[in-house]
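The values are calculated or read from the model by the stated rules, or taken from the named source; none is laboratory data. Please read all numbers here as calculations on a predicted model, not as lab measurements. No Cβ is skipped: glycine too gets one built from the backbone with ideal geometry, and neighbour counts run over all protein chains shown. The protein model used for the area step is the full one, side chains on, heavy atoms only, and it has no ligands, DNA or RNA in it. Shrake-Rupley method; radii C 1.70, N 1.55, O 1.52, S 1.80 Å.
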Amino acid sequence: LPADNDSTYHLWRVEETVAGGAAPRHDAFMNAPFGARVPYPDGFAYLLAALARAFAGASAGRFEVQVASMVATTVLGALAAFAAYPLTRTVTGRRSSALIAVGACCVLPIHVVAGALGRVDHHIGFA
């Protein structure tokens, strides 16, 4: 089950992308009763939809989409922590600074919350 409302919304977009082949551009429930244009870029929905299709095939249902998306965002969070080491090492040239950066990624609230299992949100890209 999704952890919050943002996760539910992003999972809806991923489900629609898997089912229809394209991310939804209009949300009938946003600005009801008129609906509104979806304000988010489509890259996150397409990435997770591709992973769900790779995981469960083109007929992936709600459960498969949820599992693939929740695992993917958690893995992306872990990869971001691993990416901090070479990036910091390249910038500073110091191993100690790179290790501190990795440690910071593991305890900073934005990174921990964005990469938590059950949270499917594009904010993992900011962490």
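Ala60 meets the conditions (1) in a helix (DSSP H, G or I); (2) touching a Lys or Arg at 6+ places or on another chain (Cβ under 9 Å) in every case but one. The failed one is (1). Hey, any hits in the range 14-33 for a residue that's assigned to a helix (DSSP H, G or I), touching a residue at least 40 places away in the same chain (Cβ under 8 Å) and within 21 Å of His111 (Cα to Cα)? No: the range 14-33 contains no residue that is assigned to a helix (DSSP H, G or I), touching a residue at least 40 places away in the same chain (Cβ under 8 Å) and within 21 Å of His111 (Cα to Cα). Of note, Ala78 does not satisfy the criterion of being assigned to a helix (DSSP H, G or I), open to solvent by less than 70 Å² (accessible area, probe 1.4 Å), aliphatic (A, V, I, L, M) and touching a helix residue (DSSP H, G or I) at 6+ places or on another chain (Cβ under 9 Å).
Checked across the range 47-55, the condition of being within 17 Å of the chain's Cα centre (by Cα) and at pLDDT below 90 holds for at least one residue. Do the conditions hold for Val120, that is, is it of a type in the set (Val, Ile, Thr), in contact with an Asp or Glu (Cβ under 6 Å, 6 or more places away or on another chain), surrounded by 19 or more Cβ atoms within 10 Å (Cβ to Cβ) and within 27 Å of Ala19 (Cβ to Cβ)? No; evaluated as a whole, the condition is false for this residue.
The single condition among (1) in contact with a Ser or Thr (Cβ under 7 Å, 6 or more places away or on another chain); (2) loosely packed, with under 11 Cβ neighbours inside 10 Å; (3) aliphatic (A, V, I, L, M) that Ala49 does not meet is (2). Any residue at all in the range 3-13 that is over 20 Å from Arg119 (Cβ atoms), among the polar types (S, T, N, Q) and out of contact with any helix residue (DSSP H, G or I) (no Cβ under 7 Å at 6 or more places or on another chain)? No; the residues of the range 3-13 include none that is over 20 Å from Arg119 (Cβ atoms), among the polar types (S, T, N, Q) and out of contact with any helix residue (DSSP H, G or I) (no Cβ under 7 Å at 6 or more places or on another chain).
I'd like to check something: does the range 88-107 contain any residue that is open to solvent by less than 80 Å² (accessible area, probe 1.4 Å), part of a loop (DSSP other than H, G, I, E, B) and at pLDDT below 90? No - not one qualifying residue is present in the range 88-107.
Checking Gly43 against (1) surrounded by fewer than 14 Cβ atoms within 10 Å (Cβ to Cβ); (2) farther than 24 Å from Ile110 by Cβ, only one condition comes out false. Which one? All conditions are met except number (2).
Residues in the range 1-40 that are loosely packed, with under 11 Cβ neighbours inside 10 Å and closer than 14 Å to Val71 by Cα: Leu1 alone.
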